[in-house]
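Colleague: This is the structure I have questions about; it appears just below.
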Amino acid sequence: MIELGVNIDHVATIRQARKTFEPDPVWAAVQAELGGADGITVHLREDRRHINDRDVRILRQTVTAKLNLEMACEPSIVAIALDVKPDQATLVPERREEITTEGGLNVRAGIKSITDVVRRLQDAGIATSLFLDPDSEQVKAGIETGCQAIELHTGSYALAKTVTERETELSKLAAASSLIVDAGLRLHAGHGLTYHNVLPIASINQMRELNIGHSIIARSIMVGLKDAVAEMKRLL
Ligand code: PXP
């Protein structure tokens, strides 16, 4: 079975557009779970542009599925993670000006500090995943950190314009997936996945978890979040 992690950051983005109390991501998490979500994913950004500390703390108490916290390796965010103890932490790079996470972590460049954060999170009982581009050097470095999972960045696959480009991206993802699975790690993927492009990714051997946000939340505006999640779950 492939676990579906529903990223609900966009719900908080709408709330922050008016700096009010609604829609509350906590309500969204309930609907997503009712629709069959196996996990709830939120990104606590340093600038708190959508999800805030209060959301993470309340979600920790209300989510009965897996709570996956996307986070940068920043000391203040690591301290919150160690205190809140999500079930899983996914380490991502973060740039203030970006609209969304643009690329995978550069583990090669930051292996010492990333390994240290992985160890501290895992010592606290938090399963740790690294968000990486499907690049063999990055994946090999990721495996060296001792993390339990690697989430492959499917953004380039999702943006591919031609069949050839798409096939090229899929073969990079397949090769990186084999390295991850052969090392005994959990294989995750996400970013830019939609109802139309998810199946080839879900079909990669040993895929364990997909994290999907934008497409599900966009559809939920039309059909409701519970049904939008159930529809994606049926596809997987
Ligand atoms: N996985 C990671 C690590 C992400 O940063 C994001 C975006 O927040 C997603 C998955 C979900 O991407 P999308 O919103 O494009 O489905």
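What follows draws every value from the coordinates through simple rules; no lab data is involved. These numbers come from a predicted model, not from an experiment. Backbone-built Cβ (ideal geometry, glycine too); neighbour counts: all protein chains shown.
Colleague: How would you rank 42-49, 143-150, highest first, on the average number of other Cβ atoms within 10 Å across their residues?
Modeller: Details: 42-49: 17.6, 143-150: 20.4.
Ranked from most to least packed, the peptides come out as 143-150, 42-49.
Colleague: Could you check the simple spin-label distance between Glu74 and Asp227, using points 7 Å along Cα→Cβ, in nm with one decimal?
Modeller: Between Glu74 and Asp227, the simple spin-label model gives 3.8 nm.
Colleague: A follow-up question, please. Stretch Arg18-Lys112 to full length: gain in nm at 0.36 nm per residue minus the Cα-Cα span?
Modeller: That works out to 29.8 nm of additional length.
Colleague: Run through the stretch 104-197 and list the trypsin sites (Lys or Arg not before Pro) located in a DSSP loop whose Cβ has at most 13 other Cβ atoms within 10 Å.
Modeller: Passing sites in the stretch 104-197 are Lys161.
Colleague: Once Rh is set to the Kirkwood radius over Cα pairs, what Stokes-Einstein translational diffusion coefficient, in µm²/s, holds for the chain at a temperature of 4 °C and a viscosity of 1.567 mPa s?
Modeller: Using the Kirkwood radius from Cα pairs, D works out to 73 µm²/s.
Colleague: Let me have the 222 nm mean residue ellipticity of the chain computed from DSSP H runs of 4+ only, each contributing -39500 (n - 2.57), with the sum over all residues rounded to the nearest 500.
Modeller: -15000 deg cm²/dmol
Colleague: Follow-up. Could you line up Asp9, Asp227 from fewest to most neighbouring Cβ atoms inside 10 Å? Spell out each step's value before the answer.
Modeller: Working: Asp9 22, Asp227 15.
Ascending Cβ contact count within 10 Å gives the list Asp227, Asp9.
Colleague: A follow-up question, please. First select every other residue whose beta carbon is under 13 angstrom from the beta carbon of Arg208; then total the charges, Lys and Arg +1, Asp and Glu -1.
Modeller: Residues near Arg208 contribute -2 overall.
Colleague: Would you mind classifying the stretch 125-236 by shape? Square roots of the alpha carbon gyration tensor eigenvalues, ordered a ≥ b ≥ c; an a/c under 1.5 is rounded, otherwise it is prolate if a/b is larger than b/c and oblate if not.
Modeller: oblate
Colleague: Work out from phi, with θ = phi - 60° and the Karplus expression 6.51 cos²θ - 1.76 cosθ + 1.60, the ³J(HN,Hα) of each residue of the stretch 211-221, listed in order in whole Hz, and give x for Gly and Pro.
Modeller: 10, 10, x, 3, 5, 5, 5, 4, 5, 5, 5
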